[in-house]
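For reference, the structure is listed below as structure tokens.
The values are calculated or read from the model by the stated rules, or taken from the named source; none is laboratory data. Since this is a predicted model, take the numbers as computed values, not measurements. Cβ placement follows ideal geometry from the backbone for every residue including glycine, while neighbour counts extend to all protein chains displayed. When the accessible area is computed, the model is the full protein with side chains, heavy atoms only, and any ligands, DNA or RNA have been set aside. Shrake-Rupley method; radii C 1.70, N 1.55, O 1.52, S 1.80 Å.
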Amino acid sequence: NCNEQKTIVQYFSHPKHVYALLIKKDTVIFKQLHKPLELDSTIVSFNNSMGHLDSLTSISAFQKFSKNAFQLYHTLFKPIEIHIPKNTQVVIISDSKFGGLPFEALIRRYPSNIERLDYKNLDYLVKDWQFEYSFAVKTYLFNHQSKTKIKTSPKILAFAYSGDHQSLDQLSTLRDDQ
């Protein structure tokens with residue numbers, strides 16, 4: 001169920017392009033986006049910068065964050081932004097490459113004074129849109145269309161892709177500890 005206040009955006013990655021499928025109440029748009037050669041490394045760098053405390057006090061970390069946040073906005077969101085009304089909800093559905101990317105932290109304008117540490121005044125996407133994430137359209141629609149409550153069981157273990165190799169070791173430990 002996609003109302004006027006919601007746009008579902010599904011990203012697909014291909015070696016040469018990124019594709020975005022936009023689903024709105026009465027519209028479906030499929031768009032091919034330019035994929036810069038450094039997109040994968042920009043995503044990794046951006047995600048890594050989100051978890052380090054030194055980024056709060058380091059000018060060079062601020063510059064790197066700003067550069068990556070702006071580049072990712074320019075590549076992934078700017079080409080489809082015209083189709084997404086401001087002050088609406090955007091549901092991001094993506095393959096594993098974009099799965100951990102916090103779109104709300106992307107910025108629409110590069111800071112005018114990059115030598116001044118100023119995260120507060122960056123033009124974050126979250127100022128204009130509300131973001132929600134799901135792993136698949138079918139799962140999202142099922143969870144939001146279901147009129148009945150889903151029963152839970154304490155015997156079910158659920159987990160999600162994390163993108164790091166340490167998780168594989170933890171999963172095998174978890175499996176062996178039955």
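Of 24/78; 31/120; 6/35; 25/97; 6/120; 35/120, which ones are farther than 21 Å apart at the Cα?
Check vs 21 Å cut-off fails for 31/120; 6/35; 25/97; 6/120; 35/120.
When the Kirkwood hydrodynamic radius is evaluated over all pairs of different C-alpha atoms of the stretch 13-56, what value in angstrom, to one decimal, is obtained?
Computed over the stretch 13-56, the radius equals 12.8 Å.
With the crude spin-label approximation of a point 7 Å out along Cα→Cβ, what separation in nm comes out for residue 37 versus residue 56?
Output for this residue pair reads 3.8 nm.
Say each of residue 81 and residue 44 gets a label point 7 Å from the Cα, pointing the same way as Cα to Cβ; how far apart are those two points in nm?
Here the answer is 2.8 nm between the modelled labels.
In units of 2.2 N^0.38 Å, what is the alpha-carbon radius of gyration of the stretch 50-126?
1.15
How long are the three semi-axes of the equivalent ellipsoid for the stretch 1-91, computed from the Cα gyration tensor as the root of 5 times each eigenvalue, in whole Å, largest first?
28, 17, 10
On the protein heavy atoms, probe 1.4 angstrom, tell me the percent of accessible surface of the stretch 20-126 carried by carbon and sulfur.
55 percent
Solvent-accessible area of residue 17, probe 1.4 Å, all protein chains present, reported in Å² to the nearest ten, please.
That residue has around 50 Å² of solvent-accessible surface.
Probe of 1.4 angstrom, ligands and nucleic acids ignored: what's the accessible area per residue over the stretch 41-88, in square angstrom?
On the way: 2460 Å² over 48 residues.
I get 51 Å² per residue for this part.
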